[in-house]
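Novice: Please see the structure below; I have some questions.
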Amino acid sequence: MRRKRIVVMGFMGSCPIAGVIWQHIHYIVGLQKLGHDVYYIEDSARLPYNPDTFEVNNEYDYAANLLSRLAREFGFENRWSFCARYLPENPTAGLPLRRIRTLYRDADAILNVCGTQEFNDDLLVSDRIVYIESDPGVEQIKVDKRDKTTVAYLRGHHALFTFGENVGTNEFAVPTHGLRWLPTRQPIVTELWRTKRRPSPAAVFTSVANWSTSGLKDVEWRGEKYLWSKSREFLRFIAAPKKSGEPFELATNIADEATRARFVRNRWRLREPHVISADYWLYRDYIRDSKGEFTVAKDQYVRLNTGWFSDRSGCYLAAGRPVIIQETGFTRHYGNDGGLFSFRSLGEIAEAVKEINADYPRHSRAARDVAREFFEAEKVLLSLLQRAGI
């Protein structure tokens, strides 16, 4: 594949939490490793969030400083911009607006990571915008409900990709109405997570989660409500540590004291997520210092059998940390064979913990092998570009 000029568009400046940052960095660095000229652009009317002040407002100094730092650390200096479309005259940090317009016109591909980039007249000069959906189910249901705005937006893209690897197959119930969804998965630059350190004897299974997200993307379909939240699924499996005979740890923001007490009674350790999520290197250390990950999936992903898999879980695997994760239909494609275990019941969780403990070094190696085989950024992104016809 000849060298391409590729623009990655996303929201790691306006939503600067560690998981979001790593999600974008893997695209940028992975494309660089393929030999492409990579630019990162945020060009949105969405107001940015400042994690230092816990405010959402029209100031973008924090976003600009963060993107400048990331560019130095990950090799895209002088190839980034933050355009504040929400302000008069569309001021920018990094590359000026005239340079952004040139990039939109000349880029071989523009990757709309997580599908968060709204269209504007400048961007629409391109016919090479590639949609990458990280939350399968919501948009497909909107299309099935004949939401004209959603249909028009999706059809404005050159190609549609989704982390829901069952979307468009008989394993996924929601009709796609002629839209061609191509399966992809989160690229992971595995060398960024590799460590020779074994976890300490005190290490436990951990995860990081935003507790209260229902309401943001909850949808109703054919008489049922599907939640965009993990909270209900964590409560369904709250007895997992007690059943497994060892504590688990969850970094999350549960405000309700009664709910927190239920977790503690079931041998959970609870940590505040802000410090971990505010520093992307500390977030990486937290994952690498863990014994492995135990996590659930959002209600939508599970009940719709989307085939979704967590990008954070991919990072655990790359660090050689085994993962126990709720089944969403992904095992149709990979996993459930050393290093990566799916579950539908408490008994399956306990059995996975027992198997990992019986031969941790083997499952650690197997976790790394799964990451390299199925999530290595260069493989994932080369496949994406080829199937998009880029």
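Novice: Identify the single condition in (1) at pLDDT below 95; (2) surrounded by fewer than 16 Cβ atoms within 10 Å (Cβ to Cβ) that S214 does not satisfy, given that it satisfies every other one.
Specialist: Failed condition: (2).
Novice: Could you please let me know if L250 is surrounded by 14 or more Cβ atoms within 10 Å (Cβ to Cβ) and either within 29 Å of I25 (Cβ to Cβ) or in contact (Cβ under 8 Å) with a residue 24 or more places away in the chain (or both)?
Specialist: Criteria met by L250.
Novice: Name every residue in the range 59-70 that is surrounded by fewer than 18 Cβ atoms within 10 Å (Cβ to Cβ) and either within 18 Å of V38 (Cα to Cα) or acidic (D, E) (or both), in order of residue number.
Specialist: If the condition is that a residue be surrounded by fewer than 18 Cβ atoms within 10 Å (Cβ to Cβ) and either within 18 Å of V38 (Cα to Cα) or acidic (D, E) (or both), then E59, D61, S68, R69 are the ones that fit.
Novice: Every residue in the range 174-195 that is among the charged types (D, E, K, R), out of contact with any strand residue (DSSP E or B) (no Cβ under 7 Å at 6 or more places or on another chain) and surrounded by fewer than 19 Cβ atoms within 10 Å (Cβ to Cβ), please.
Specialist: Matches in the range 174-195: E191, R194.
Novice: Okay, next question. Is it the case, given these coordinates, that R194 is closer than 19 Å to I324 by Cβ, charged (D, E, K, R) and not assigned by TED's automatic domain parsing to the domain that holds I25?
Specialist: no
Novice: Looking at the range 161-173, which of its residues are surrounded by fewer than 22 Cβ atoms within 10 Å (Cβ to Cβ) and either touching a strand residue (DSSP E or B) at 6+ places or on another chain (Cβ under 7 Å) or within 25 Å of G339 (Cα to Cα) (or both)?
Specialist: Within the range 161-173, G168, E171 meet the criteria.
Novice: Output the residue which, of all residues in the range 253-277 that are without any contact (Cβ under 8 Å) to a residue 24 or more places away in the chain and small (G, A, S), is farthest from V353 (Cα to Cα).
Specialist: Within the range 253-277, the match that is farthest from V353 (Cα to Cα) is A258.
Novice: Something else now. Hey, among the residues in the range 35-57 that are of a type in the set (S, T, Y) and either modelled with pLDDT of 95 or more or assigned to a helix (DSSP H, G or I) (or both), which one's surrounded by the fewest Cβ atoms within 10 Å (Cβ to Cβ)?
Specialist: If we take residues in the range 35-57 being of a type in the set (S, T, Y) and either modelled with pLDDT of 95 or more or assigned to a helix (DSSP H, G or I) (or both), then Y49 is surrounded by the fewest Cβ atoms within 10 Å (Cβ to Cβ).
Novice: Have a look at A358, A366, A350, A319 and point out the one that is under 29 Å from Y131 (Cα atoms) and small (G, A, S).
Specialist: After ruling out the rest, the residue left standing is A319.
Novice: When you scan the range 322-334, do you find a residue that is of a type in the set (D, E), buried (at least 16 other Cβ atoms within 10 Å of the Cβ), assigned by TED's automatic domain parsing to the domain that holds R236 and in contact (Cβ under 8 Å) with a residue 24 or more places away in the chain, even just one?
Specialist: yes
Novice: Tell me the helices (runs of 4 or more DSSP H) entirely within the range 216-328 that contain at least 1 residues that are over 19 Å from the mean Cα position of the chain (by Cα) and among the hydroxyl-bearing types (S, T, Y).
Specialist: 240-244, 257-265
Novice: Next up: State all residues of the range 280-314 that are within 24 Å of E351 (Cβ to Cβ) and among the hydrophobic types (A, V, I, L, M, F, W, C); if no residue qualifies, say none.
Specialist: Passing the criteria: I287, F294, V296, A297, V302, W308, F309.
Novice: Can you pull out the residues in the range 87-107 that are surrounded by 15 or more Cβ atoms within 10 Å (Cβ to Cβ) and either in a loop (DSSP other than H, G, I, E, B) or acidic (D, E) (or both)?
Specialist: N90, L95, A107
Novice: For R198, state whether it is surrounded by fewer than 16 Cβ atoms within 10 Å (Cβ to Cβ) and either outside any helix (DSSP H, G or I) or without any contact (Cβ under 8 Å) to a residue 24 or more places away in the chain (or both).
Specialist: yes
Novice: All but one of (1) more than 23 Å from S310 (Cβ to Cβ); (2) under 16 Å from the mean Cα position of the chain (by Cα) hold for P175, so report the exception by its number.
Specialist: If we test P175 against (1) more than 23 Å from S310 (Cβ to Cβ); (2) under 16 Å from the mean Cα position of the chain (by Cα), just (2) comes out false.
Novice: Any residue in the range 25-34 that is assigned to a strand (DSSP E or B), aliphatic (A, V, I, L, M) and at pLDDT 95 or above?
Specialist: no
The values are calculated or read from the model by the stated rules, or taken from the named source; none is laboratory data. Fair warning: this is a prediction, and the values are worked out from it, not measured in the lab. Glycine gets a Cβ as well: all are built from the backbone with ideal geometry, and neighbour counts include every protein chain shown.
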